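All of the numbers you see were taken from the coordinates with simple rules; none came from a lab. Model, not experiment: these values are computed from the prediction. Because the Cβ atoms are built from the backbone with ideal geometry, glycine has one as well, and the counts that use them run over all protein chains shown.
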Amino acid sequence: MDNITIRPMLASDYDTVLALNEYSVSVLSPLDKMDLTRLVAQSSVHVVVEIEGKVVAFLLAIGPGSQYASINYQWFDKHYDRFLYVDRIVVHHANRAQRLGHRLYEYVTQWAIEQHYPMLCAEIDVQPPNLPSLQFHQKWGFASVSELVHHPQKIVSLQIKNL
């Protein structure tokens, strides 16, 4: 598919990004426009995937030393000096068979290597289990380094991939 573009996220994309996030909110934290604006400002990488002019996916990743309030991010920031934390990656359900998540991970991996980050970090829900994300990250070579219990019904696997 040659009509796919990965480009920086613009403020004009926020409504679409928020709608994508809301559709997947069962495995992501919710966002409103103010939260998204703050998250983009704190992120090192904030990109969208466009197909024929329509935003169908996005990725947000944050480097060390950010004031990001996520306890998952803060765990990585406490334990590692140099890392790129993939906070969220969302692909529209109608576009999931097009390997857009793979393309976004290729993009963010190349960016991290160019910026001399030694690892990518992410967290994946294990309770309730997010099996597609667990399998996706396993294929990308991520390995669990710890787990965080948010509450008994919410447990995440903290994972890294060395670059």
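Structural remarks
- Here region 28-102 is treated as a Stokes sphere of Kirkwood radius computed over C-alpha pairs; at 25 °C and 0.890 mPa s its diffusion coefficient rounds to 183 µm²/s.
- Taking the average, over residues, of other Cβ atoms within 10 Å as the packing measure, peptides 112-122, 94-104 rank 112-122, 94-104 from highest down.
- The chain: angle of helix 14-23 to the longest principal axis, Cα-based, in degrees nearest 10: 60 degrees
- Centre-to-centre separation between the Cα atoms of region 123-163 and those of region 93-122: 16 Å.
- J(HN,Hα) series, region 118-125, from Karplus relation 6.51 cos²θ - 1.76 cosθ + 1.60, nearest Hz, glycine and proline x: x, 7, 9, 10, 7, 10, 10, 5
- For region 61-74, Karplus couplings with θ = phi - 60° (6.51, -1.76, 1.60), whole Hz, Gly/Pro x: 9, 10, x, x, x, 6, 8, 4, 7, 5, 5, 5, 4, 4
- Couplings 3J(HN,Hα) of region 103-112, computed from phi: 5, 5, 5, 4, 4, 5, 5, 4, 4, 4 Hz, in residue order, whole Hz [Karplus 6.51 cos²θ - 1.76 cosθ + 1.60, θ = phi - 60°; x for Gly and Pro].
- Close amide H partners of S146, meaning residues 5 or more places away or on another chain with modelled amide H under 5 Å apart, are L158.
- Binning the alpha carbon pair distances of region 4-162 at 5 angstrom intervals from zero yields the distribution 2, 9, 19, 23, 23, 17, 6, 1, 0, expressed in whole percent.
- Mean Cβ count within 10 Å, highest first, over the residues of peptides 136-146, 75-85, 52-62: 52-62, 75-85, 136-146
- The calculated 222 nm mean residue ellipticity attributable to helices in the chain amounts to -9500 deg cm²/dmol, summing -39500 (n - 2.57) over DSSP H runs of n ≥ 4 and dividing by all residues.
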